[in-house]
Amino acid sequence: MIEASGLCKRFGTIEAVREVSFRAADGEITGLLGPNGAGKSTTLRMLYGVLTPDGGSARIDGIDIRGETSAARGRLGVLPHAPGLYGNLTARENIEYFGALHGLSKDAMRARTADLSRALGMDGFMDRRVKGFSQGQRIKVAVARALIHDPSNLILDEPTNGLDVMAIRNLREILRDLKAHGRCILFSSHVMQEVAALCDRVVILGQGRVLADGALESLRSRLGAASLEEAFLTVLSEAEAQAAGEAL
Amino acid sequence: MRALLTVFRKEFLENLRDRRTLFSALLFGPLFGPILFGAMVSRMLNQSVLESDEPLRVTVSGGEHAPNLVRFLASQGVKLAFTAWSESDARDAVKRGTAVVVLIVPDEFAQRFTAALPAPVFVVADSSDSQNRKSADRLRALIGAYGNGIAQLRSQIRGLSPLLAVPIAVNEIDVTTPTGRAVVVLGFMTYFVLFSVLMGGLYLAIDSTAGERERGSLEALLSLPVARTALVGGKLLATCAYMCLSLAINLAAFVVVLQFVPLERLGMSANVGALTALEFFAICLPFVPLGAALMMLVASFTRSYREAQTYLTSVLLVPTLPIAFASIYSLKTHSALMLVPSLSQHLLMTSVLKDEPIAPLDLAVSAASALGLAALALAATARHWRRETMLG
């Protein structure tokens, strides 16, 4: 379970994230939806603890990420916005490097890597150096790297960026499978179809605030919209009108 | 600790597979110094040995006016060629390089010589050419010696003691020992050694900090349940390992190259053998973590590979400053100077070359100051890595 309560972050005079609270439950896929610059990445970065919030707190399975950083991070797999790999290492070495840093034993790592390789369809390129990999292969390695320690929570920042249709489908299957195993998955996107196709729950961010939060169906009916796209546009325009009102 | 070793192993292995790192850390960095040094020194030595062996060649114009002088020069082994050039002919010949030095004996030489008046000769040479200038100096010295002999004869004929013309006798005592002279030549070898130490870690320091950020792998790494000090420590250790390798290759290359440099032909003996190499290694070892921590600190603040490269090339020049300062003010080994890294290593290595005894205290102070500063730089690096601005 991933919880954000009252998260605030400012960079200089810009308030990137203001009082963001939501909860991503186990066995669910939660989508963080918002236009570019809405504060999605900043929120996620505070959740996985590489940015310090100016206010509020982030908890992983009830553990504060700032307090017991290591314990919280051990329960978390992260796929950052730019999931860079080490080009001179093989896919296996890239994955096992993170496993070793999580403190896994050699045997546990070997078994886990074999499972992940099979599940992600990576057997063909596990022992090749990452240097010449396609974007789809890179994302697979990065996902495997994030899952090496079998975390109960997974955060993905725009994971489908630069992937082709097949790779996207593949990733969706992996995420659904994780959800079926009771994992908590939180991912961000600015593509509504992406969220609609996958999420149980949606948190819509705009201008650093939570504009709407709820199950996909209830959100649609509450806003009286036929589709998520319509709902999304409705909340965004409401927020803009409100911001304009505040400015006056 | 386990995480630190994991990071170390990964950085070491990854860079072992990087051709750019291997080239700069284990090939160019350590071998550049010895090869350049060997080539330069042997050329320098060969030249000075050759020059004193080679006969002086002089073109004489108007030699018939001074037959005794000509005979004297010939008796001194000077290779003479005779012409009848005017002064401008001689100038052209020297400028064009067809003649090295031209001695012009004018018509009035004989007349003035017989009258015991200063008899003029002209030496035409090009002083901007060091080869040419040396020939001219040697010719001048020979003519001076001939003139002194004549002066002594003249005073004797007039019943004066020839010693009257020598009011002061200057005696030079050169205290340079053969090894000491070699040290002047080998003095800048110490910089090449320190240069190879830094070159060995340059790419690792960049790759594991700015490179990691540029590749985008840093954020995932920072989100792991690993203390930042373990990350920085592992990377530092890997950088140090490459620096030690580079240093070892560099010293081995120096030992080999110096076997082929004809130092003994100038009566110099520089005992650069395996033992000297080991002593050098021990002296430079504390400088390794300092160099690594400094380079990592600088590279951690840069945004990209290219920016890190730009700043770190100037870090490579930092060790030259104290060494240059020391040679300008010709500083002698002194305990207080052992507090200055790079200078202390330079002075200690020079002492080894000179076969001078090294005070254990000096060695200890040199090592302690380098290690102390390394700890400071490491702490500053680790502090920066804990800050969120590290993400860039």
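Of the residues in the stretch A:43-60, at least one is more than 10 Å from chain B (Cβ to nearest Cβ), among the polar types (S, T, N, Q) and either within 28 Å of B:E214 (Cβ to Cβ) or surrounded by 24 or more Cβ atoms within 10 Å (Cβ to Cβ) (or both).
Note on the stretch A:23-41: among residues that are touching a Gly at 6+ places or on another chain (Cβ under 8 Å) and of a type outside the set (D, E, K, R), the one that is farthest from A:F11 (Cα to Cα) is A:G27. Among all positions in the stretch A:164-177, there is no residue which is closer than 22 Å to A:L76 by Cβ and of a type in the set (G, A, S). If the condition is being surrounded by fewer than 19 Cβ atoms within 10 Å (Cβ to Cβ) and modelled with pLDDT of 90 or more, then the stretch A:110-125 contributes A:R110, A:A111, A:A114, A:D115, A:R118, A:D123, A:G124. For the structure I just gave you, tell me whether B:A274 is touching a residue at least 12 places away in the same chain (Cβ under 8 Å), farther than 30 Å from B:R386 by Cα and surrounded by fewer than 16 Cβ atoms within 10 Å (Cβ to Cβ). Taking the combined requirement at face value, the residue satisfies it.
Looking at A:A16, A:A82, just one residue is at negative phi and either in contact (Cβ under 8 Å) with a residue 12 or more places away in the chain or not in a loop (DSSP other than H, G, I, E, B) (or both), and that residue is A:A16.
Just checking, how many residues over the stretch A:79-100 are under 18 Å from A:P151 (Cα atoms) and either at pLDDT 95 or above or more than 7 Å from chain B (Cβ to nearest Cβ) (or both)? Explain how you work it out, then say what you get.
The initial filter retains those residues of the stretch A:79-100 that are under 18 Å from A:P151 (Cα atoms), namely A:79-80, A:83, A:94-100.
From the residues that got through so far, the ones that are either at pLDDT 95 or above or more than 7 Å from chain B (Cβ to nearest Cβ) (or both) too are A:79, A:94-100.
The qualifying residues number 8.
Among residues of the stretch A:52-71 being assigned to a strand (DSSP E or B) and charged (D, E, K, R), the one that is farthest from B:A227 (Cα to Cα) is A:R59.
If only one of A:A71, A:A119 is more than 14 Å from chain B (Cβ to nearest Cβ), farther than 28 Å from B:G211 by Cα, among the hydrophobic types (A, V, I, L, M, F, W, C) and under 21 Å from the mean Cα position of the chain (by Cα), which one is it? Explain how you work it out, then say what you get.
Working: A:A71 fails: more than 14 Å from chain B (Cβ to nearest Cβ).
Step by step, each of A:A71, A:A119 is checked, and only A:A119 is more than 14 Å from chain B (Cβ to nearest Cβ), farther than 28 Å from B:G211 by Cα, among the hydrophobic types (A, V, I, L, M, F, W, C) and under 21 Å from the mean Cα position of the chain (by Cα).
The condition of being more than 14 Å from chain A (Cβ to nearest Cβ) and either crowded, with 20+ Cβ neighbours inside 10 Å or touching a residue at least 60 places away in the same chain (Cβ under 8 Å) (or both) holds for only one of B:L347, B:L321, that being B:L347.
Yes/no per residue for (1) surrounded by 15 or more Cβ atoms within 10 Å (Cβ to Cβ); (2) within 14 Å of chain B (Cβ to nearest Cβ); (3) under 28 Å from B:T6 (Cβ atoms); (4) touching a helix residue (DSSP H, G or I) at 6+ places or on another chain (Cβ under 8 Å):
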| site | (1), (2), (3), (4) |
| --- | --- |
| A:R128 | no, yes, yes, yes |
| A:F133 | yes, yes, yes, yes |
| A:A144 | yes, yes, yes, yes |
| A:P159 | yes, yes, yes, yes |
| A:L163 | yes, no, no, yes |
| A:R183 | yes, no, yes, no |
| A:D200 | yes, no, no, yes |
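Restricting the stretch A:13-42 to residues that are within 14 Å of chain B (Cβ to nearest Cβ) and closer than 25 Å to A:E229 by Cβ, the residue that is nearest to the chain's Cα centre (by Cα) is A:S41.
Summed over the stretch B:373-390, the residues that are surrounded by fewer than 20 Cβ atoms within 10 Å (Cβ to Cβ) and either β-branched (V, I, T) or within 29 Å of the chain's Cα centre (by Cα) (or both) give a count of 2. Please go through the stretch A:220-248 and give me each residue that is in a helix (DSSP H, G or I) and closer than 25 Å to A:I168 by Cα, ordered by number. Selection gives A:R220, A:L228, A:E229, A:E230, A:A231, A:F232, A:L233.
Residues B:L69, B:L117, B:L139, B:L80: which one is closer than 25 Å to B:M44 by Cα, aliphatic (A, V, I, L, M) and in contact with a helix residue (DSSP H, G or I) (Cβ under 9 Å, 6 or more places away or on another chain)? Step through it out loud before you land on a result.
On the way: B:L69 fails: closer than 25 Å to B:M44 by Cα; B:L117 fails: closer than 25 Å to B:M44 by Cα; B:L80 fails: closer than 25 Å to B:M44 by Cα.
Residue meeting the stated conditions: B:L139.
At least 2 residues being within 14 Å of chain A (Cβ to nearest Cβ) and modelled with pLDDT of 85 or more is the threshold, and among the helices (runs of 4 or more DSSP H) wholly inside the stretch B:1-107 those reaching it are B:2-16.
Scanning the stretch A:202-233 for residues that are polar (S, T, N, Q) and buried (at least 17 other Cβ atoms within 10 Å of the Cβ) yields a total of 1. Looking for something buried (at least 18 other Cβ atoms within 10 Å of the Cβ), over 26 Å from B:G149 (Cβ atoms) and small (G, A, S) - is there at least one such residue anywhere in the stretch B:97-111? Within the stretch B:97-111 (the criterion being buried (at least 18 other Cβ atoms within 10 Å of the Cβ), over 26 Å from B:G149 (Cβ atoms) and small (G, A, S)), the answer is yes, since at least one residue qualifies.
For the stretch A:74-102, filtered to residues that are small (G, A, S) and under 23 Å from the mean Cα position of the chain (by Cα), the residue that is nearest to A:I174 (Cα to Cα) is A:G77. Of the residues screened, A:R209 is not one that is basic (K, R) and outside the structural domain of A:K179 (by TED's automatic domain parsing).
The values are calculated or read from the model by the stated rules, or taken from the named source; none is laboratory data. Worth saying up front: this structure is predicted, and the values here are computed from it rather than measured. Glycine gets a Cβ as well: all are built from the backbone with ideal geometry, and neighbour counts include every protein chain shown.
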